[in-house]
């Protein structure tokens with residue numbers, strides 16, 4: 001399978017802190033790929049590198065074979081849409097205005113959005129289910145509603161590649177199902193989607209392929225039933241988990257049974273005891 | 001353009017085409033009505049400003065004199081004295097107010113948008129205090145009387161020098177974020193105001209000190225057509241170029257990552273806008289001195305009325321800034337006749353309470 005978006009040997013460092021180390025990732029046309037892993041594993045950073053928002057310390061990202069660094073921002077934006085985790089907006093644009101902003105990379109500098117742009121924005125809003133919010137101010141919406149508005153904005157951008165950072169984290173279960181099946185249906189029409197997800201069961205149900213990450217590295221990748229093994233989950237999340245097949249949803253499900261005791265984790269509090277202000281140190285970790 | 005899958009193909013059936021028409025019409029109507037109302041009010045203000053004064057000229061005659069300058073003959077008779085007062089004394093002063101007000105309004109909108117901070121004003125990165133240092137130095141050295149362009153030249157040079165300093169510090173830093181620039185601006189502004197205080201303390205005589213204070217409060221007295229033609233081109237051109245970036249500014253308001261992922265060349269766009277805002281502000285304050293509150297109040301007030309879309313907000317604040325300054329100038333001339341107030345004092349008198357009022361009541365005004 002030829003990769004539509006591929007990352008090779010990605011490392012990312014902030015001062016001397018290693019965030020990502022030697023990550024390879026590829027997603028093909030029509031694929032819905034899930035990025036999983038514990039907090040701080042580097043999932044969001046990887047997604048932002050794929051979107052071209054930050055430059056990796058090492059490694060390259062290619063989109064349809066072109067080096068991302070050599071592409072103009074507007075050409076990237078015509079192919080790739082990114083939905084950040086933080087959808088807070090300080091200025092009170094209406095939902096319509098926000099979704100229409102998705103058309104930006106397709107419009108010449110002096111043009112205003114035309115009829116077709118409005119139709120595309122309306123469709124995107126309708127598909128995501130935020131059409132009724134159109135005239136509301138973005139600042140008056142709940143976190144979940146805002147998240148859906150920004151997904152609609154990303155769809156209005158008509159990208160071939162959708163990058164979503166925890167797109168359903170603020171949504172109720174009904175809307176989680178709706179948004180994930182919408183993304184899945186897009187991939188079935190030929191789009192590529194890469195999403196950071198926290199819900200292992202939803203990821204297994206909707207994604208074609210999963211990358212499991214820990215400490216800035218990919219620890220396992222493949223279809224859900226291959227990635228979800230008790231060993232892999234223990235290594236990545238440090239939990240004892242039961243992995244079963246759920247015939248109700250025709251998918252693999254994971255039930256976390258308990259946290260695993262880690263030798264190096266036990267050593268941590270002891271070390272902290274020796275510092276002068278143990279309380280503050282433990283709180284900030 | 002949309003590649004393998006276009007949104008329109010996936011669900012074209014579900015949307016009657018006519019549904020979006022009202023949306024588009026409403027958008028165009030809003031732009032047209034806001035700009036038309038502001039332009040109309042500005043014209044009225046220009047006529048008021050040109051007709052009211054120690055030698056009153058009736059409105060119809062003022063209109064006739066103004067239109068005659070534009071080459072239109074109305075057939076209304078006026079005396080040569082009336083023509084002289086309107087055309088040579090008041091109109092250049094009023095048009096200077098129009099240009100400088102438009103520059104300050106636009107620059108304020110740009111700065112508040114770029115910094116995503118409602119407290120930003122045109123002078124936030126040191127342009128105005130740089131101009132002030134230039135002007136004050138010129139006065140203190142006694143050069144301001146040597147040639148009539150000496151003072152504006154010094155002020156403009158000071159403005160450009162201070163933004164060069166600010167950008168230089170910014171570029172040398174490791175983290176080139178917009179919030180760093182804001183901090184550098186605050187730092188340079190306080191440094192420059194210390195320089196101004198020092199120069200004032202060393203002033204040789206009362207008259208020199210008075211000249212400095214006058215310049216620092218901003219004024220439009222005795223502005224001539226030469227002033228107008230000097231600043232017209234850079235300001236009009238600067239504003240016109242800034243208008244081109246309305247949509248990019250909207251994207252930047254959502255945040256740097258949003259803008260980047262939507263295809264905005266964030267670094268370049270910011271730099272261009274900062275330079276344009278500094279250029280028009282520097283040009284304006286060079287001929288009028290520092291006039292506060294226009295660039296702070298006008299963007300706020302118009303954001304409440306017209307919303308945050310910068311394709312409308314930028315031209316609206318150009319017109320609104322012009323309107324505000326023309327009216328403030330009028331008040332400064334007539335409020336305490338025969339005494340003249342400095343126009344900067346009037347803008348502060350009107351602006352400060354307005355600002356407090358908006359700060360208390362508006363959630364639309366911007367960042368919180």
What's the long-distance tail for the protein assembly as shown, i.e. % of Cα pairs beyond 41 Å?
40 percent
Relative to the first principal axis of the alpha-carbon coordinates of chain A, what is the inclination of helix A:173-188, with its axis defined by its Cα atoms, in degrees from 0 to 90 and to the nearest 10?
70 degrees
Percent RCO, i.e. relative contact order, over the range B:168-295, from Cα pairs under 8 Å lying at least 6 residues apart
30 percent
Stokes-Einstein D for the range A:105-162 at 4 °C, 1.567 mPa s, Kirkwood Rh over Cα pairs, in µm²/s?
107 µm²/s
Taking the 0 to 90 degree range and rounding to the nearest ten, how far is the long axis of helix B:21-51 tilted relative to the main principal axis of chain B, both from C-alpha atoms?
0 degrees
Report, largest value first, the span of the C-alpha coordinates of chain A along each principal axis, in whole Å.
64, 48, 41
Once you have all Cα-Cα distances for the range A:166-257, histogram them in 5 Å bins from zero and send the whole-percent values.
3, 13, 23, 24, 21, 12, 3, 0
The range A:212-255, relative contact order in percent, only Cα pairs under 8 angstrom and at least six apart counted:
28 percent
Exposure proxy check: B:163, B:37 ranked by fewest other beta carbons within 10 Å?
B:37, B:163
For A:98-107, what's the mean count of beta carbons from other chains sitting within 10 Å of each residue's beta carbon?
4
Rounded to the nearest whole Å³, what is the per residue volume of the convex hull around the Cα atoms of the range B:260-305?
91 Å³
Percentage, to the nearest whole number, of Cα pairs in the range B:125-251 over 23 Å apart
44 percent
Ratio of the Cα radius of gyration of the range A:82-213 to 2.2 N^0.38 Å, where N counts its residues:
1.03
Peptide-level mean, for A:79-88, of C-beta atoms on other protein chains within 10 Å
3
Relative contact order [Cα under 8 Å, 6+ residues apart], chain A, whole percent
22 percent
Once the Cβ-Cβ distance between residue A:132 and residue B:360 is put in as r, and R0 is 41 Å, what FRET efficiency do you end up with, to the nearest 0.05?
0.80
Full-extension gain in nm, residue B:265 to residue B:213, via 0.36 nm per residue minus C-alpha separation
14.5 nm
What does the structure give for A:185-194 when I average, per residue, the other chain Cβ atoms found within 10 Å of the residue Cβ?
2
In deg cm²/dmol and to the nearest 500, what is the mean residue ellipticity at 222 nm of the protein assembly as shown if only DSSP H runs of at least 4 residues count, each as -39500 (n - 2.57), divided by the residue total?
-18000 deg cm²/dmol
Linear extension gain, residue B:339 paired with residue B:171, 0.36 nm per residue minus alpha-carbon span:
55.7 nm
Estimated FRET transfer efficiency when R0 is 45 angstrom, pair residue B:73-residue B:24 (beta carbons, to 0.05)
0.65
How tilted is helix B:310-334 with respect to the longest principal axis of chain B? Cα atoms for both, answer in degrees (0 to 90, nearest 10).
20 degrees
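No value in this document is a laboratory result; all are computed from the given coordinates. Everything quoted here is computed from the prediction, not taken from an experiment. All Cβ positions, even for glycine, are placed from backbone atoms using ideal geometry, and neighbour counts span all protein chains on display.
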